[in-house]
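Enquirer: Take this structure, written in structure tokens, and hold onto it; I'll ask about it next.
Read the figures in this text as sums done on the coordinates, not as results from a lab. Quick caveat: nothing in here was measured; it's all calculated off a predicted structure. In this analysis, Cβ positions are derived from the backbone assuming ideal geometry, glycine residues included, and neighbour counts consider all displayed protein chains.
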Amino acid sequence: MSKRGALDSFFKPSAPKKAKYAVSTSASHHTAYPFPIPHLPSDIADQLQFSPAEEGRLMNDQPDLDLVYYQPYIPTSIASSLFEFLRQELPFYRVIYQIKRGPVETTINTPRFTTVFGVDETSRFTESGSLVDAKTEKPIEKSRYKCIPRPLPHCLDALRKLTEATTGETFNFCLVNYYADGNDSISYHSDDERFLGKDPAIASFSLGAKRDFLMKHKPAVPGAPAIDAKPIKLPLGSGDMVLMRGRTQANWLHSIPKRAGDEARKGRINITFRKAMVKGGTDNYYQYNVGKGGALKWDAGGKKMAPWTGDEKT
Ligand SMILES: O=C(O)CCC(=O)C(=O)O
Ligand SMILES: [Fe+2]
């Protein structure tokens, strides 16, 4: 390119960036999806089969801790295109909900974007996307759920199958978090909801920006001896996976704190696979990860999540 040409293109408004992956022509459809969700591009799907890229490292040297840490699980060659693909193609939500502490109602603004797919063990999706009872195979009664459950799209189901094969666990839910920058976070909590059953296994994937995953043991119950456990910091990189299992959820808390610096300007996606045993789990997950607001979709030009009106080109 001549000097002139280089300068011209420097001052011209930049053309929309070329997609960082080749969009597949086939997609997953469901009445509860705001828009169809494309299947994985074939180069990503092909390379994904080489997962896990590294052996998992067992971390069980502290009280009640049982982790397997894959650094990375997703081959490095596709981690960034898988991140771009999922950010662009999944519907996200910014959920707002009220909690009542005694007489006081507080509004909670979830400090990250979320989405969820799946249904608990009492039901299953047929090929056509309708729900049947897991035992009788008959269509479920309308009153079973307050929410409208959505099946895992093909692109996330591919990762679920691999994860099941690696871990020997089974999963029926996929929750996705998108942290737009270092201001988005998740505060200390444990995923020990009763609807997951005792000692649940949760596989947690990271894509995009590096963020610290902090863990600390829950405090000892009053009167019981102090627990000799050191806090943990895992610097989760793109493609990493942490399998949390056994007594971990019952005894440890985890969080992704806000962060500053270079990595904080980039987005990060977290995907967790879980298994909900009862219908209350389904309503809970949709209430807190889809909520009542409209869907958002990544606006590549504006580089942000934007309300999905249905008029946009998919
Ligand atoms: O983003 C992460 O790595 C953790 C997410 C998490 O803990 C959750 O969704 O329950
Ligand atoms: Fe969690």
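Enquirer: If Rh is defined by the Kirkwood formula over all Cα pairs and Rg also comes from Cα, what ratio Rg/Rh do you get for the stretch 29-177?
Expert: Radius of gyration over Kirkwood radius for the stretch 29-177 works out to 1.02.
Enquirer: Between Thr136 and His154, what length comes free when the chain is fully extended (0.36 nm per residue of separation minus the Cα-Cα distance, one decimal in nm)?
Expert: The Thr136-His154 span can extend by a further 3.9 nm.
Enquirer: I need Phe85, Phe50 ordered by Cβ neighbour count within 10 Å, fewest first.
Expert: Result, fewest neighbours first: Phe50, Phe85.
Enquirer: Which of Val104, Val132, Val290 moves the most in a Gaussian network model of the chain with Cα springs under 10 Å?
Expert: Val104
Enquirer: Hey, another quick one. Given the options Ala276, Ala220, Ala79, which has the most mean-square fluctuation in a GNM of the chain, springs set between C-alpha atoms less than 10 angstrom apart?
Expert: Fluctuation is largest for Ala220.
Enquirer: Note down the magnitude of the dipole of the stretch 226-314 about its Cα centre, charges +1 on Lys and Arg C-beta and -1 on Asp and Glu C-beta and zero elsewhere, to the nearest 20 debye.
Expert: 160 debye
Enquirer: Next up: In the chain, with Lys and Arg counted as +1 and Asp and Glu as -1 at Cβ, which of these residues, Leu90, Thr309, Phe173, has the Cα nearest the positive end of the dipole, that is, farthest along it?
Expert: Farthest along the dipole direction, towards plus: Thr309.
Enquirer: Under the rule of -39500 (n - 2.57) per DSSP H run of 4 or more residues, summed and divided by the residues of the chain, what mean residue ellipticity at 222 nm is obtained, to the nearest 500 deg cm²/dmol?
Expert: -5500 deg cm²/dmol
Enquirer: Just to be sure I understand: if I project the alpha-carbon convex hull of the chain onto a plane and average over all orientations, what area do I get in nm²?
Expert: The Cα convex hull of the chain, projected and averaged over all directions, gives 20.7 nm².
Enquirer: Using alpha carbons only, how many angstrom separate the centre of the stretch 220-257 from the centre of the stretch 62-102?
Expert: The distance from the Cα centre of the stretch 220-257 to that of the stretch 62-102 comes to 17 Å.
Enquirer: Under a 5 Å amide H to amide H cut-off, with H placed in plane at 1.01 Å, what residues pair with Met305 once short-range neighbours are removed?
Expert: The answer is Asp299.
Enquirer: May I pose another question? What does the convex hull of the Cα atoms of the stretch 169-261 come to per residue, in Å³, rounded to a whole number?
Expert: Details: hull volume 11.3 nm³, N = 93.
Measuring per residue, one finds 122 Å³ for the Cα hull of the stretch 169-261.
Enquirer: Compare Gly291, Gly56, Gly223 in a GNM of the chain, Cα atoms joined below 10 Å, and give the one with the largest fluctuation.
Expert: Maximum among the listed residues: Gly223.
Enquirer: Tell me which residues come under 5 Å, amide H to amide H, from Ala209 once H is placed; ignore anything under 5 positions away on its chain.
Expert: Amide H neighbours of Ala209, under 5 Å, 5+ apart: Gly267, Arg268, Ile269.
Enquirer: About its Cα centre, what dipole magnitude does the chain give when the only charges are +1 on Lys and Arg Cβ and -1 on Asp and Glu Cβ, stated in debye to the nearest 20?
Expert: Dipole of the chain, to the nearest 20 debye: 980 debye.
Enquirer: Also: Scan the chain and hand back the longest stretch that contains none of the GluC sites (Glu not before Pro) lying in DSSP loops with at most 12 other Cβ atoms within 10 Å.
Expert: So the longest stretch without any such site is 142-311.
Enquirer: Using bins 10 angstrom wide from zero, how does P(r) for the stretch 17-109 break down, in % of all Cα pairs?
Expert: Final binned percentages: 13, 26, 23, 25, 12, 1.
Enquirer: Let me ask you something else. Given a cut-off of under 8 Å on Cα pairs at least six residues apart, what relative contact order in percent is computed for the chain? Provide the component values of the computation, followed by the final result.
Expert: Working: 639 pairs, mean separation 76.4, N = 314.
This gives 24 percent for the chain.
Enquirer: Once amide H atoms are built 1.01 Å from N in the peptide plane, which residues 5 or more positions from Arg150, or in another chain, come under 5 Å H to H?
Expert: When sequence neighbours closer than 5 places are left aside, the close amide H contacts are Gly118.
Enquirer: Please report, in whole Å³, the volume per residue of the convex hull around the C-alpha atoms of the stretch 91-183.
Expert: 174 Å³
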